[in-house]
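First the structure, in the form of structure tokens, and then the observations on it.
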Amino acid sequence: MKKQPEKQNINQSENKGQKTTQEQAGAKMAGKLTPDMAYMKEILSIGKNFDVVYRVIHIGGKESCFYFIDGFCKDELMEKILQYLIELTADEMAEDVHEMLKKHMPYVEVDVSDTWNDIIHNLMSGVLILMIDGYEKAVLIDSRTYPARSVSEPEKDKVLRGSKDGFVETVVFNTALIRRRIRSTDLCMEMMNAGESSQTDIVLCYMDSRVDHGFLEKIKDGIRNIDVDALTMNQESLAECLYKRKWYNPFPKFKFTERPDTAAAHVLEGNIVILVDNSPSAMITPTTVFDVIDEADDYYFPPITGTYLRFSRFLIAFLTYFLTPTFLLMMQNPQWIPEGFDFILIQDEVNLPLIWQFLVLELAIDGLRLAAVNTPNMLSTPLSVMAALVLGEFSVNSGWFNSEVMLYMAFVAIANYTQSSYELGYALKFMRILNLIATALFGVWGYIGAIVVCGLSIACNRTVANTSYIYPLIPFHGKELMERVFRLRLPGARKE
């Protein structure tokens with residue numbers, strides 16, 4: 001498709017790459033759209049693109065043309081609109097397009113436009129375009145419908161109790177799920193787009209009276225200034241465009257969720273939720289490490305149960321980082337093992353150095369995870385049994401791995417799924433691998449140094465809003481810290 005002209009008025013536009021004849025210029029000055037149908041055919045490659053459809057009809061004695069994308073328009077609705085418009089007589093036609101919409105357009109979502117950029121963008125988004133000879137503006141009829149799956153509980157963000165709906169790939173459905181939970185005029189849904197070719201729809205959801213407007217303008221400016229051809233990876237592409245600093249710090253700058261209740265809670269707390277069309281998850285910003293660890297299950301149970309679940313995740317996340325490096329350090333210095341804990345010593349012969357066993361298993365776990373994602377459902381059970389036998393029992397019996405190493409790595413692999421943030425899980429994994437290598441090379445000093453690096457990576461990290469990543473710990477806010485550690489109040493409660 002050829003690049004569209006910049007904000008070019010329909011009555012003053014010229015076909016790009018062609019010389020407009022005096023007859024065409026005169027017709028355009030007279031306000032007639034019929035000569036521009038050739039321009040539409042050229043720029044839309046009608047005839048080459050089978051799904052770009054146009055239909056010439058007569059409305060009230062005027063030659064008119066519909067343009068739409070096949071598969072995006074509702075057939076029943078188009079049939080009713082066409083039937084009504086075709087029956088109009090010349091005497092019933094209004095003098096201008098606005099009067100015509102008031103009297104003869106039996107549909108709710110209707111707009112007008114006189115710029116080619118706006119018309120082509122709406123057409124490519126699925127909006128029905130109607131051009132009528134003699135009218136200075138085109139009619140935009142939003143009768144589009146997108147292929148969409150049903151609203152169901154997301155696979156990644158399941159809860160033991162609570163709502164079972166989740167975001168889908170259609171952004172309008174996602175905004176409706178949030179609107180259903182926040183019935184306030186203070187809730188704003190502001191649409192933007194990015195990507196020169198993709199023109200991807202991006203919706204900013206926020207409470208106007210609670211959001212940080214300075215940070216909101218920063219996000220808007222960042223989206224406006226995105227210079228990419230397309231957001232090929234949806235939200236990840238957008239996240240990398242909005243935050244370009246400190247790529248080497250693996251701890252997540254955004255929180256992703258597929259749950260509308262979680263997104264609504266963060267909106268009520270003053271955060272910004274970013275929805276990207278074609279993506280079934282919401283991106284929440286700004287977020288601290290406490291926001292990333294929080295889960296919906298904490299709030300669907302009584303405070304004491306929610307606090308227990310939160311402490312369990314904290315403890316398990318702590319163990320996933322420290323378990324294997326500490327075990328490696330103890331095996332290097334068996335004299336440090338307390339009396340009564342001698343059973344943790346490796347009893348069998350060590351054929352492969354422990355550090356290599358740990359590193360190979362770290363890679364093997366990710367390999368099994370990728371294999372599970374790409375395995376057909378009908379084969380998942382037999383292949384899981386085969387993997388457990390071959391990689392478990394046989395790898396120990398063959399001498400490649402020791403049973404103690406397999407046990408601790410199995411715990412780490414399972415424990416990574418106790419929290420829903422894949423980004424946080426991989427951040428801890430990278431830090432754990434760094435600790436294992438440092439401990440193997442430098443002993444106890446490498447172990448301590450790796451812990452310091454991990455702590456500094458969290459403490460010195462900044463949110464997208466350039467605030468502390470570990471607030472309310474730094475800067476210290478006692479009441480807020482208590483609410484982050486203990487489940488004391490429901491999310492979204494109004495802060496005094």
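The values are calculated or read from the model by the stated rules, or taken from the named source; none is laboratory data. Because the structure is predicted, anything quoted here is derived from the model rather than measured. Here the Cβ positions follow ideal geometry from the backbone for every residue, glycine too, while neighbour counts run over all protein chains shown. Just so you know, the surface numbers come from the protein's heavy atoms only, side chains and all, with ligands and any DNA or RNA stripped out. Shrake-Rupley method; radii C 1.70, N 1.55, O 1.52, S 1.80 Å.
Using a probe of 1.4 Å on the protein chains alone, the accessible area found for I69 is around 10 Å². Accessible surface ranking for F256, F486, F358, 1.4 angstrom probe, highest first: F486, F256, F358. Taking the C-alpha atoms only, the angle from helix 422-459 to the longest principal axis of the chain is near 30 degrees.
What part of the accessible area of the chain, given as a whole %, is carbon or sulfur when the probe is 1.4 angstrom? Answer for the chain: carbon and sulfur cover 59 percent of the accessible area.
Taking a ≥ b ≥ c as the square roots of the eigenvalues of the alpha carbon gyration tensor, region 176-328 is oblate, as a/c is not under 1.5 and a/b does not beat b/c.
Phi angles of region 336-342 translate, via the Karplus equation with coefficients 6.51, -1.76, 1.60 and θ = phi - 60°, into HN-Hα couplings of 7, 5, x, 5, x, 10, 5 Hz per residue; Gly and Pro are given as x.
Please list, by residue number, everything in region 458-474 whose backbone N is under 19 Å from a paramagnetic label point 7 Å out along Cα→Cβ of M192. Taking a point 7 Å out along Cα→Cβ of M192, the residues of region 458-474 whose backbone N falls under 19 Å are 463-467. When the GluC sites (Glu not before Pro) in region 163-220 are filtered for DSSP coil states and for at most 11 other beta-carbon atoms within 10 Å of their beta-carbon, the remaining sites are E196.
The modelled label-to-label distance for the pair F430/L359, using points 7 Å beyond Cα in the direction of Cβ, is 1.8 nm. A helix-only calculation puts the chain at -13500 deg cm²/dmol for mean residue ellipticity at 222 nm, using -39500 (n - 2.57) for each DSSP H run of at least four residues, averaged over all residues. Residue-wise HN-Hα couplings along region 126-135, as the Karplus relation 6.51 cos²θ - 1.76 cosθ + 1.60 with θ = phi - 60° gives them from phi, are x, 7, 7, 9, 10, 10, 10, 4, x, 9 Hz; Gly and Pro carry x.
Measuring nothing but alpha carbons in the chain and taking Rh as the Kirkwood radius, the Rg to Rh ratio lands at 1.10. The length gained on full extension between F50 and D208, counted as 0.36 nm times the residue separation minus their Cα-Cα distance, comes to 52.5 nm.
Exceedance of the 22 Å cut-off in Cα-Cα distance is limited, within the set K218/K255; K41/K62; K255/K429; K164/K479, to K164/K479.
In order along region 81-94, the Karplus-derived 3J(HN,Hα) couplings, from 6.51 cos²θ - 1.76 cosθ + 1.60 at θ = phi - 60°, round to 5, 4, 4, 5, 6, 5, 7, 5, 9, 4, 5, 7, 5, 7 Hz, and Gly and Pro are given as x. Compared with the dominant principal axis of the Cα atoms in the chain, helix 213-224 is inclined by about 70°. Ordered from highest to lowest accessible area with the whole protein assembly present and a 1.4 Å probe, D118, D348 read as D348, D118. Sorting L434, L128 on solvent-accessible area from highest to lowest, probe radius 1.4 Å, gives L434, L128. Distance from the alpha carbon centroid of region 440-465 to that of region 224-299 works out to 25 angstrom. Sorted into 10 angstrom bins from 0, the C-alpha pair distances of region 93-161 split as 17, 38, 19, 12, 10, 4, 0 percent. Computed over protein heavy atoms with a 1.4 Å probe, the accessible surface of region 146-260 works out to 54 Å² per residue. For K255, the residues whose modelled amide H falls within less than 5 Å of its own, excluding neighbours fewer than 5 places apart on the same chain, are I284. The magnitude of the dipole of region 68-191, with charges of +1 and -1 set on the Cβ of Lys/Arg and Asp/Glu and taken from the Cα centre, is near 1160 debye.
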